[in-house]
Amino acid sequence: TLYNVSGNVISSESVKLADVAANTLTNALTLDLTGMDSDLVFAKLELYDRRGKRADENTYWLTGDGRDLTAFNDMPAAVLKASVSADRRAGSELTGTVTLHNPSKYIAAACVLDLVSTETDSVIRPVYFSDGYFFLMPGERKEISFRLESGSAAGDSRLRFSAYNSPEQIIDAR
């Protein structure tokens, strides 16, 4: 699906492929960007398995000349909402799921998540998130799992989240 900077769908296309060998390049379609009225477009590609379950997704940004990305600076502000469900496991390991939602009508670009200490407000390392710097299209919701190893400040943490065009927010991660 192609989106313009304002989050509007420009075009959408689905392609069914026969058997595709692992670790190979298979041309599925060619994007025609001629005549687009936007300097910057976003292509969200989703791959589904034979059962219809989404196996992977990626969002790419494309420009007419391939170099000028200044349109990012003019993106409308997106709104992000988040919730966290966290579990403690053996040895004080903390695992959980973040649900990030973009209820706005604009794309949230390069969404990033961090766990921060409630005491020092510093980023806790290492934390392993299942995804990062991803895009959320208008109305889209995404679940991201995380794991914080024992020995870190797992008990006293908050979730900090933002996007390139959405201000930083912090919520409890307990």
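Which one is nearest to the chain's Cα centre (by Cα), of the residues in segment 155-174 that are in a strand (DSSP E or B) and within 10 Å of Val112 (Cα to Cα)? Applying the filter and picking the extreme gives Ala163.
Candidates are the residues of segment 140-169 that are modelled with pLDDT under 85 and charged (D, E, K, R); the one that is farthest from Pro103 (Cα to Cα) is Glu149. Only residues that are exposed (fewer than 10 other Cβ atoms within 10 Å of the Cβ) and over 19 Å from Tyr3 (Cβ atoms) were counted in segment 18-34, giving 9. In segment 45-59, the residues that are within 23 Å of Tyr3 (Cα to Cα) form Cβ pairs under 6 Å with partners that are open to solvent by 100 Å² or more (accessible area, probe 1.4 Å) and of a type in the set (Phe, Trp, Tyr), at six or more places apart or across chains, as follows: Arg54/Tyr48. Just so you know, in segment 91-123 the residues that are more than 20 Å from the chain's Cα centre (by Cα) and at positive phi include one that is modelled with the highest pLDDT, and it is Asp121.
Taking first residues from segment 19-39 that are at negative phi and partners that are basic (Lys, Arg) and assigned to a loop (DSSP other than H, G, I, E, B), no Cβ contact under 6 Å between residues at least 6 apart in sequence or on separate chains turns up.
Tallying residues that are under 30 Å from Arg158 (Cα atoms), of a type in the set (Gly, Ala, Ser) and open to solvent by 60 Å² or more (accessible area, probe 1.4 Å) within segment 56-82 yields 1.
The values are calculated or read from the model by the stated rules, or taken from the named source; none is laboratory data. What you are looking at is a predicted structure, and each value in this text was computed from that prediction instead of being measured. So basically every Cβ, Gly included, is an ideal-geometry build from the backbone, and we count neighbours across all protein chains shown. These area figures cover heavy atoms from the full protein model, side chains too; ligands, DNA and RNA do not enter into them. Shrake-Rupley method; radii C 1.70, N 1.55, O 1.52, S 1.80 Å.
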